[in-house]
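Reviewing the structure listed below.
Laboratory data are not the source of any read-out in this text; all were calculated from the coordinates shown. Just so it is clear, the model here is predicted, and its values are computed rather than measured. All Cβ positions, glycine included, derive from the backbone under ideal geometry; neighbour counts span all protein chains shown.
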Amino acid sequence: MLHETRRFPPPAELAADANVKADAYDEAATDRLGFWERAADRLDWTQRWDTTLEWNPPFAKWFIGGKLNVAYNCVDRHVEAGRGDKIAYYWEGEPGDTREITYGDLLTEVSKAANALTELGVGKGDRVAIYMPMIPELPIAMLACARIGAIHSVVFGGFSADALRGRINDGTAKLVITADGGYRRGAPNALKPTVDEAVVDCPSIEKVLVVRRTGQEVDTHDRDVWWHEIVDRQSEVHKPEPHDAEDPLFILYTSGTTAKPKGILHTTGGYLTQVAWTHNAVFDLKPDTDVYWCSADIGWVTGHSYIVYGPLANGATSVMYEGTPDSPHRGRWWEVIQKYGVTIFYTAPTAIRTFMKWGQDIPAQFDLSSLRILGSVGEPINPEAYVWYREHIGGDRCPVVDTWWQTETGSIMISPLPGVAEGKPGAAMRPLPGITADVVDDQAVSVPNGGGGFLVIREPWPSMLRTIWGDDERYKDTYWSRFEGMYFPGDGAKRDEDGDLWLLGRVDDVMLVSGHNISTTEVESALVSHPKVAEAAVVGALDPVTGQAIVAFTILRGDVEGGDELVKELRDHVAKTLGPIAKPRQIHVVAELPKTRSGKIMRRLLRDIADNRSLGDVSTLTDSSVMQLIAAQLPTAKSED
Ligand code: 6R9
């Protein structure tokens, strides 16, 4: 329904010198397994695999018989190749303290941490929960686990004690690694008390390993061990043992916008192959000259794959930032880009829309000329946000890559290649080489160009989830039961007239209005294309006449005032952009929207409000007071005709 005609061809220089060019699509289409074998050969294997893929649907094994050590691939091999002095992370603490960590430093720290874990009785296959702020010890802890073959389960450092306890118990972790606290919004934010509260009911936990970051007062228990006391005295030498390509690497619980969190299980060989390949291809990483920054939290899959494993496997220099974008001022991210000369920047649409709301004069105060590629992930990026990002952050010269993927897919699956694609605002374009994505109707038949339906993946890919931890049945049910022999991610998509893909969000978020399927994403996008709207969330509310009716929640830009006039203007704007069928029944002007920690709007909660139901589970909300705020605001903002 949305009509988008703007096109942005890749800069000539980037196209000429791109790591991956158009021929990769044909190469992979002709011989998909051969393509992934060559990608796997970018890693160092102690023993090469003998079978590339064993596929007993829906269970895949990749690179069978192969052995490798993920930490060796991310750290040691770069030091052995003479790049020990290269910066792995420029770390920037929120209060302004900094650390520069070379690959050599990383080798020392990961080796000591691996020795400490062994002393604490952690061995291969044991689960380790990690609940930490964005400090260097977080990737160090993950790599130490990977090195000894322990399975890490990182839990976002903002989750509640309940959420942490549930995840520890589901994985029966032996150890939790945490910190006294981290800095957020200009103040120390304690973590240890949450861990203390959680582990009271975690019978599997033997020890709690605590990094000192803020110096906050902590209660101590017999099970507690200070990181500096045990890690600092360890040997700097640790021999990485080879692990099987199908040995587990980590469990990560999905963000849970809909149901009880699922422990997504990833293994070593296939995962590292695809994260490294995609990080090289989609960001066109030139390890000698690029400074790469992904602003996600490591507690989210984007941080696992594109702050830790992908960039390190490729020997990149990255920026890692501890805090929030508005501390101590709203230009902090742009200041970081200017300071380190960031060339590749990867963030989420929710952040971009927040910056749009704050105004373009803020980034304009900083020198962002080092940037050459911009990435987006986490939600559909609406064309207005795409174009704003390209213009005001990318100086109208940087391609924007909209990358679609999931915790379950492990790596990017659908994205333009920046040196190949002609960018189209709002479109994730086409599956990457080696990935067979399709859009099908409810009979599993591929839709033609111009059609919409369900996104599916037809063939297994190296970094796919292997199962849901401890629950093969739920794995089959959730992802493989809807369409025979195909992976169903739960997202809707459309294929435009050129055959390019547009992601439309979760299918649970598709509304059925008077017999028409309307995607929440398209209505949100239409709302945000109005110059007075910064953000919008749309849900289908029960309606006696139309079945479902469209209810929108909007945040206005800058100093714009709400009121009935504006609401009418917005409703008409949507009707004009998408057609009268998509005209919202109601539009509420609100100050905040309920979001998960990774920035996804929790439409389920807004549906509860729209239908006047009591609220469901709010444990994964960033800020649970937002819901009261919205509910309190509603009567004044309502408009119906
Ligand atoms: C990486 C990540 C996965 C869900 C996914 C989809 C949405 C992510 C998107 C996107 C449209 C994009 N999503 N990237 N939708 N365009 N570029 O976000 O993982 O937290 O597991 O969420 O996010 O709905 O199914 P995860």
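Miscellaneous remarks
- Mean separation of Cα contacts under 8 Å, 6 or more apart, over the residue count of the chain: relative contact order %: 13 percent
- Across the range 94-101, rounded Karplus estimates of 3J(HN,Hα) from the backbone phi angles (6.51 cos²θ - 1.76 cosθ + 1.60, θ = phi - 60°) give 4, x, x, 6, 9, 9, 10, 10 Hz, Gly and Pro being marked x.
- Extension gain, GLU54 to ASP396: 0.36 nm times the residue separation minus the Cα-Cα distance gives 118.6 nm.
- Each Lys and Arg contributes +1 and each Asp and Glu -1, all at the Cβ; summed about the Cα centre of the range 335-486, the dipole is approximately 380 debye.
- Calculated FRET value between ASP222 and ARG99, using beta carbons and R₀ = 25 Å, to 0.05: 0.20
- A dipole drawn for the chain from +1 and -1 charges on Cβ atoms has a positive end, and of LEU465, GLN628, GLY410 the residue lying farthest that way is GLN628.
- The range 395-459 and the range 543-559: distance between their alpha carbon centers, rounded to Å: 28 Å
- Pairs spanning more than 31 Å between alpha-carbon atoms, out of LYS207/LYS260; LYS494/LYS595; LYS339/LYS494; LYS260/LYS583; LYS260/LYS568: LYS339/LYS494; LYS260/LYS583; LYS260/LYS568.
- Note on the chain: with charges restricted to the Cβ of Lys and Arg (+1) and Asp and Glu (-1), its dipole about the Cα centre is near 240 debye.
- Under a 5 Å amide H cut-off, with hydrogens placed 1.01 Å from N, ALA493 pairs with GLY453, PHE454, LEU455, LEU504 among residues at least 5 apart or on other chains.
- Between ASP23 and SER369, residue separation times 0.36 nm minus the direct Cα-Cα distance comes to 121.5 nm.
- Whole-Hz ³J(HN,Hα) from phi, Karplus 6.51 cos²θ - 1.76 cosθ + 1.60, for the range 497-505, glycine and proline x: 4, 8, x, 7, 9, 10, 8, 10, x
- Angle between the chain longest axis and helix 137-148 axis [Cα atoms, degrees, rounded to 10]: 60 degrees
- Per-residue packing, averaged as other Cβ atoms within 10 Å, sorts the ranges 274-282, 490-498 into the order 274-282, 490-498, beginning with the highest.
- Cβ-Cβ FRET estimate between SER160 and THR30, R0 fixed at 45 Å, reported to 0.05: 0.35
- In this structure, the amide hydrogen of ALA536, modeled 1.01 Å from its nitrogen in the peptide plane, lies closer than 5 angstrom to those of ILE555, counting only residues at least 5 positions away or on a different chain.
- Segments 286-296, 152-162, 33-43 sorted - mean Cβ within 10 Å per residue, highest first: 152-162, 286-296, 33-43
- Using the alpha-carbon positions of the chain, Rg (one decimal) and Dmax (whole number) come out as 23.8, 73 Å.
- Take the Kirkwood radius over Cα pairs of the range 414-532, plug it into Stokes-Einstein at 25 °C and 0.890 mPa s, and you get 156 µm²/s for translational diffusion.
- Unsatisfied cross-links (Cα-Cα over 25 Å) in the set LYS61/LYS476; LYS424/LYS532; LYS67/LYS112; LYS67/LYS239; LYS112/LYS286: LYS112/LYS286
- Electrostatic tally near GLU197: other residues with Cβ closer than 12 Å to its Cβ, Lys and Arg +1, Asp and Glu -1, net -2.
- Rounded to 5, percent antiparallel among DSSP beta bridges of the range 12-493: 50 percent
- Charge-dipole axis of the range 12-493 as Lys and Arg at +1 and Asp and Glu at -1 on Cβ define it, positive-most pick from GLY123, VAL195, TRP36: VAL195
- Cα-based Rg and Dmax for the range 1-152, where Dmax is the largest Cα-Cα distance (Å): 20.4, 61
- Degrees separating the helix 349-358 axis from the principal Cα axis of the chain, which is the longest one: 60 degrees
- Protection-proxy order for peptides 22-29, 144-151, each taking the mean of Cβ atoms within 10 Å per residue, highest first: 144-151, 22-29
- Under 5 Å from the amide H of ASN69 lie the amide H atoms of THR46, HIS243, each residue being 5 or more positions distant or on a separate chain, with H modelled from the backbone and absent for Pro and chain starts.
- Degrees, to the nearest 10: 161-171 long Cα axis against longest axis of the chain: 60 degrees
- Each 10 Å bin from 0 upward holds the following percent of the Cα-Cα pairs of the range 225-309: 13, 31, 36, 18, 1.
- Projected onto planes of every orientation and averaged, the convex hull of the alpha-carbon atoms in the range 56-100 covers 6.0 nm².
- Net charge over other residues, Cβ less than 15 angstrom from the Cβ of PRO188 (K, R count +1; D, E count -1): 0
- Considering only alpha-carbon pairs that sit under 8 angstrom and 6 or more positions apart, the relative contact order computed for the range 332-373 is 68 percent.
- In this label model, ASN449 and ARG42 are separated by 3.0 nm, measuring between points 7 Å along each Cα→Cβ vector.
- Shown in residue order for the range 414-426 are the 3J(HN,Hα) couplings computed by the Karplus curve 6.51 cos²θ - 1.76 cosθ + 1.60 at θ = phi - 60°: 10, 5, x, 8, x, x, 10, 7, 8, x, 10, x, x Hz (x for Gly and Pro).
- For the chain, with +1 on Lys and Arg beta carbons and -1 on Asp and Glu, the positive-most of TRP62, PHE483, VAL308 along the dipole: PHE483
- Its DSSP H runs of at least 4 residues, each contributing -39,500 (n - 2.57), put the calculated 222 nm mean residue ellipticity of the chain at -7500 deg cm²/dmol, to the nearest 500.
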